[in-house]
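Here the structure is laid out as structure tokens; the discussion comes afterwards.
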Amino acid sequence: MVQDLLIALVAVLSGGLLYAMAAARVVKQYERGVVLRLGRLHDEVRSPGFTMIVPGVDRLRKVNMQIVTMPVPAQDGITRDNVTVRVDAVIYFKVVDPASAVIAVEDYRFAVSQMAQTSLRSIIGKSDLDDLLSNREKLNQGLELMIDSPSVGWGVQIDRVEIKDVSLPETMKRSMARQAEADRERRARVINADAELQASKKLAQAAEQMSTQPAALQLRLLQTVVAVAAEKNSTLVLPFPVELLRFLERAQQGPQPPVGAGQSQDAPEQPAPDRPGDPAVVDPSSLVDPAVVDPSVAAKTFTDQPLPDAPLTGAGPDPDGNPSGPGPDGLPEFDPEALPEFGPEQPSDHPRSKPFSRH
């Protein structure tokens, strides 16, 4: 009798242990349990920890409540300005309603992934290339709103959507590189021009300051020489100031003669014009150097001589045999009848002597 009781007790304990093992469930901290009893949703969502269900009657579905990081596959699309691009993104979401995530949608992960891909394609078609490259924050917000609207009924909340990379064709990359290079070159030229303008203003101020003190220019010259000599070059370039050249030029010219009364310094003396028919009077002593030639000899040399082309009278008998002699004043006379008849002027091999004229 006692033996039968012991066997029955052992059987009951074994059955209870097997039932407990079949009914016991453990829900982790980051999970929630949704119980379906005989196919119907149980009102109570099991919290984390140890829980029991009815074996064979209840079915427990565990839902992860952590934030899920899901990459969105790269999508090829054409932007609004007709540029072919390839864009990929990443989406962050979490389940806020476990019962809806189990009942409202078959697979909430797959549904969110497909919705993210279609929304990304739509965003690419509505945006320009510049917006995809520089205005991503606005595109991310628009993409988040497009995905979050239908996922609210699935018990899923979209936390953040980020566009990861925008792949461009090689031709477009080269065009953008040329554009960026041209823009950099333009900015460099503007900055250089601005620097030249500022430097010119400072140099003008320095020149104005140095003009009041001429010694400052010499000191600046010495500083330049010291700076060049510090480089240990074999050739020394020495800048020479223009003011010093002008000073040496004035010193070489010497003092200017005083200006007489009634005579202007700027207007040089103009020689009096020669009247027609007046012989030019030349001082023989003004044509020679007294230190070389005796003025008395020069006076004998420079005398009025008859023109070689004119026949002289008194130098001998004329062709008719009439003697000619000096006139009453002792000078030879010209015979008008003995003058040859001149035709049109012919070029002569010997130049005609000209009287001295004052230059």
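For K164, are the conditions met, namely being within 30 Å of M65 (Cβ to Cβ), over 20 Å from the mean Cα position of the chain (by Cα) and at pLDDT below 90?
So K164 fits the description; yes.
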Do we have any residue at all in region 105-114 that's at negative phi, modelled with pLDDT under 90, surrounded by 15 or more Cβ atoms within 10 Å (Cβ to Cβ) and among the small types (G, A, S)? no
Looking at region 133-169 only, could you name the residues that are basic (K, R) and free of Cβ contacts under 8 Å to residues at least 24 places away in the same chain? K138
Which members of region 6-60 meet the condition of being touching a residue at least 60 places away in the same chain (Cβ under 8 Å) and open to solvent by 40 Å² or more (accessible area, probe 1.4 Å)? R32, L41
Quick one: which residue in T118, T69 is assigned to a strand (DSSP E or B) and either of a type in the set (S, T, Y) or open to solvent by 20 Å² or more (accessible area, probe 1.4 Å) (or both)? T69
Quick check, is P239 in contact with a Ser or Thr (Cβ under 7 Å, 6 or more places away or on another chain) and either open to solvent by 80 Å² or more (accessible area, probe 1.4 Å) or at pLDDT below 90 (or both)? yes
Look through region 81-115, keep the residues that are part of a loop (DSSP other than H, G, I, E, B) and touching a residue at least 24 places away in the same chain (Cβ under 8 Å), and return whichever of them is nearest to R40 (Cα to Cα). A104
Take the residues of region 35-69 that are polar (S, T, N, Q) and within 60 Å of the chain's Cα centre (by Cα): which is farthest from P98 (Cα to Cα)? T69
Of all residues in region 135-172, which are open to solvent by 100 Å² or more (accessible area, probe 1.4 Å) and out of contact with any strand residue (DSSP E or B) (no Cβ under 9 Å at 6 or more places or on another chain)? E137, K138, E170
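The values are calculated or read from the model by the stated rules, or taken from the named source; none is laboratory data. Here the structure is a predicted model, which means the values were calculated and not measured. Cβ: placed from backbone, ideal geometry, glycine included. Neighbour counts: every protein chain shown. Side chains are part of the model used for accessible areas, which takes the heavy atoms of the whole protein and leaves out ligands, DNA and RNA. Shrake-Rupley method; radii C 1.70, N 1.55, O 1.52, S 1.80 Å.
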